[in-house]
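What follows is a single structure, written as structure tokens, with notes after it.
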Amino acid sequence: MTSPIRTERHDDILVIISNNPPVNALGAAVRQGLEAGIKQGVADASIKAIVIRCDGRTFFAGADITEFGKPMQEPGLGTVIDMIEASDKPVVAAIHGTALGGGCEVTLGCHYRVAVPSAKIGTPEVKLGLLPGAGGTQRIPRIAGVPLALEMTAIGNPISAKRALDAGLIDKIVGEDSLEADVIAFAREIASQRPLPRASEKTATADPEAVEAFKTANARKFKGFDAPAANIRCVEASTTGSFADGIKTEREEFMKLMGGTQSAAQRHLFFAERQAAKIDDVPADTKKRDIKQVGVIGAGTMGGGISMNFLSAGIPVTIVETAQDALDRGVATIRKNYDNSAKKGRFTMDKVEQMMGLLTPTLRLDDLKDCDLVIEAIYENMDVKKEVFGKLDAICKPGAILASNTSYLNVDEIAASTTRPQDVIGMHFFSPANVMKLLEVVRGAKTAPDVLATVMALAKPIGKVAVVSGVCDGFIGNRMLSQRQRPATEMLMEGARPEQVDAVHTGFGMPMGPFQMSDLAGLDIGWHRDPTRIESIRDALAAEGRWGQKKQAGFYDYDEKRTPSPSPRVVEIIDDFRAKAGKDKRDISDEEIVERTLYPMVNEGAKILDEGMAQRASDIDVVWIYGYGWPVYTGGPMFWANSVGLDNVVAGLEKHGIEVAPLLKRKAAAGETF
Ligand code: 3HC
């Protein structure tokens, strides 16, 4: 096999070049090649300095994640980096694209770092439940100080070349299109300078106040995750002992994380997210339709949020409402949201104006005639949606994609109200639509492959992760959600309290439990149709005006800041309802709550999979993590079920008389996983 690493001589400079598409991951062959290249440069007396650069779209984007969990092949990345640093000839990293994780660590082992202006460097290992395990936690604080090291390792977002330059992580920024020539010139300039700057020989200054402030500021973000604290401990270790001691701590912490379930779950998500973009029967090279102008129907919370995604990506939006005041309110909300982000420093006011300049508000549906994609985001009523799609059919240009943001209605029925069902698709955004990362793409029976491919590809530029769902009630996400709401309410009748059920869910890592979610959505949804009906606890609460957060009363009482507290009145209502139904009250264990609310979701997931409504189990995980805040560190419901053991899930369901999905039963019996 040919090595992904080659060397080129430029007189007295040796350039080591990696060509390992797509992202120059530091797999075994790359590490071996790097080691050989450095040895060659060091051994050759005519070489004065060594440059490391990469072909293709990026500098090394990190260790090869596909190698994790398999036996390590020598040399380890830490060994290669130590060898680079130990070289008695200067080694210069030539950085373009993203130098991430192990790639960033390679640069830190180099004596000098030179980058193009667009380059970014960072250590995102924490997002894989890990830490920079090849010296990063020790070299970053030694070069750039503790505060930046904490941010880079424990939060994991890459920083710009400019910021890296200011922090000393980069020595020089050169021309965007002349990296190699400029780095060779730089290498020649510094070739004879001694002593060589070695990060491991620097000292990092302890900063306990910065550490405490950092922990406090990020406590919410880090809740439940193991890796951030491990990163912090390693950075602290860089200030208390020798480099070798720090590396020992880093290794121990790294191995602990690598062997744990959280990292396995987070690595699963990394690949799941990328896999979700692939559609089994639609080739990746399917020609996409051009989307230059988007129309959004409805300027309410959903329509406004959806519009923001496109405006932020620089795509013009025409937003339509039926009444001027609703239109004005919608536009004002969009502006307010952008203004707030600008105040938080996310972007400048100029940028706000630029984005608002791309928005065309109108009361005329006819103004959508030139749009390449129209997304309907009005309330959930099949007749009204069909009417709107019928009109769009008459108005929109041929080839325009007509999408509905419905969260559960039949997309095929909506499509049938047009003469072009092949152009109709579901684009289900999650609230708040400008924030939540999930886009459930609903593929109708007649949706054309290029329409599906276009919408899937559009997800990335608008900052979404797209998952394909078939047409079924509630699609993937809401269909599974319904499986936890029903038993949760049943358990109230049997003796559980709302706060007990919710606490099991938030303790598990969900942002909120079933009753907190109901209060947020509104308990009066569906109730207004027949306010005399009191058939459930929910109806009884709605009948008393306890409509949820908006009324400061629902399953909980709320103060002005919307902080919930358990409600004595709700206990009375539940007790009363239970007595009327002639049911006994008993103690419900937390374990039972898990078995009756979380296991049924997995069960439904198995049905969705079996019916082909989801392409793969990992797609279901992506839906729940990005659409509903399922804890990332469990890997999503299906991955979590694997770690619980499918036989245990089956036993839990059977214990409560819940019918087990055939696929789940088969897999459990065969000892398989999803
Ligand atoms: N290892 C193996 N495969 C990787 C990889 C890696 N580090 N990074 C990306 N890939 C693969 C992806 O799975 C994808 O494969 P596919 O085409 O088969 O789906 C392909 O490369 C392209 O990736 P993206 O679709 O993500 O491409 P983008 O251009 O959108 O993004 C990127 C490029 C910013 C580099 C992004 O891929 C990324 O963030 N990669 C991971 C970076 C990372 O986490 N590095 C740390 C690794 S752990 C480590 O280094 C440990 C060390 O400290 C010891």
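The values are calculated or read from the model by the stated rules, or taken from the named source; none is laboratory data. Not measured: the values here are computed from a predicted model. Cβ: placed from backbone, ideal geometry, glycine included. Neighbour counts: every protein chain shown. The accessibility values were calculated without ligands, DNA or RNA, using every heavy atom of the protein model including side chains. Shrake-Rupley method; radii C 1.70, N 1.55, O 1.52, S 1.80 Å.
Which one of Val602, Gly470, Gly652 is farthest out on the positive end of the charge dipole of the chain, using unit charges on Cβ (Lys, Arg +1; Asp, Glu -1) and the Cα centre as origin?
Gly470
Sequence neighbours fewer than 8 away in the same chain don't count; with that in mind, list the lysines whose C-alpha is under 28 Å from Lys215.
Lys120, Lys127, Lys162, Lys202, Lys223, Lys248, Lys256, Lys343, Lys344, Lys437, Lys561
As I understand it, the dipole of the range 1-126 uses +1 on the Cβ of Lys and Arg and -1 on the Cβ of Asp and Glu, about the Cα centre. Which of Gly62, Ser46, Pro21 lies farthest toward its positive end?
Of the options given, the answer is Pro21.
Give, in nm to one decimal, the length gained when the segment between Glu353 and Tyr379 is fully stretched (0.36 nm per residue of separation minus the Cα-Cα distance).
Numbers: separation 26, 0.36 × 26 = 9.36 nm, distance 2.95 nm.
Computed gain between Glu353 and Tyr379 is 6.4 nm.
Mind checking the log10 I(q)/I(0) for the chain at q = 0.05 Å⁻¹? Debye, one equal scatterer per Cα, no solvent, two decimals.
The computed values of log10 I(q)/I(0) come out as -0.29.
With a sphere of radius 13 Å drawn around the Cβ of Arg267, what net charge do the other residues whose Cβ falls strictly inside it have (Lys, Arg +1; Asp, Glu -1)?
Numbers: positive: Lys70, Lys127, Arg274; negative: Asp64, Glu67, Glu125, Glu273, Asp621.
With Lys, Arg at +1 and Asp, Glu at -1, the neighbours total -2.
Using only the Cα atoms of the range 294-459, construct the convex hull and provide its projected area averaged over every direction, in square nanometres to one decimal. Walk me through the intermediate numbers first.
Details: hull surface 34.8 nm².
Computed as one quarter of the Cα hull surface, the answer is 8.7 nm².
Roughly how many Å² is the accessible area per residue of the range 189-244, as a whole number, for a 1.4 Å probe? Mind showing how you got there, number by number?
Working: 3400 Å² over 56 residues.
Heavy-atom accessible area per residue stands at 61 Å².
Once label points are set 7 Å from the Cα along Cα→Cβ at both Arg329 and Glu67, what is their separation, rounded to one decimal in nm?
5.8 nm
Starting from the 7 Å offset along Cα-to-Cβ, what nm value, one decimal, do you get for the label separation of Asn648 and Arg562?
A separation of 3.5 nm, rounded to one decimal place.
For n ≥ 4 DSSP H runs only, could you compute -39500 (n - 2.57) per run for the chain, divide by its residues and tell me the 222 nm figure to the nearest 500?
Details: 29 runs with 306 residues, N = 674.
Mean residue ellipticity, 222 nm, calculated: -13500 deg cm²/dmol.
Which value in Å is the Kirkwood Rh of the range 510-585 over different Cα pairs?
Numbers: mean 1/r = 0.0787 Å⁻¹.
Computed over Cα pairs of the range 510-585, the Kirkwood hydrodynamic radius comes out at 12.7 Å.
Once you place label points 7 Å from the Cα toward the Cβ at Lys248 and Thr532, how far apart are they in nm?
8.0 nm
Can you say what percent of the DSSP beta bridges in the chain, counting only those with both residues inside, are antiparallel? Round to 5.
On the way: 19 of 62 bridges.
So the antiparallel bridges in the chain amount to around 30 percent.
Just tell me which lysines come within less than 17 Å, Cα to Cα, of Lys607; anything on the same chain fewer than 8 places away is out.
Lys665, Lys667
Counting only protein heavy atoms and a 1.4 Å probe, tell me what percentage of the chain's accessible area is made up of carbon and sulfur. Provide the component values of the computation, followed by the final result.
Numbers: 15270 of 28800 Å².
Heavy-atom surface of the chain belonging to carbon and sulfur, 1.4 Å probe: 53 percent.
Rounded, prolate or oblate, given the Cα gyration tensor of the range 252-343, with a/c below 1.5 counting as rounded? Walk me through the numbers before you get to the answer.
Numbers: a/c = 3.44, a/b = 1.70, b/c = 2.02.
Oblate, because a/c is 1.5 or more while a/b does not exceed b/c.
Using only Cα atoms, figure out Rg for the range 5-258 and give it as a multiple of 2.2 N^0.38 Å. Don't skip to the answer; put the middle values down first.
Values: Rg = 17.2 Å, N = 254, 2.2 N^0.38 = 18.0 Å.
The value comes to 0.95.
Enter the accessible area per residue of the range 572-674 (Å², integer; probe 1.4 Å; all protein chains in place). Write down the numbers at each step before the final one.
Details: 4310 Å² over 103 residues.
The answer is 42 Å² per residue.
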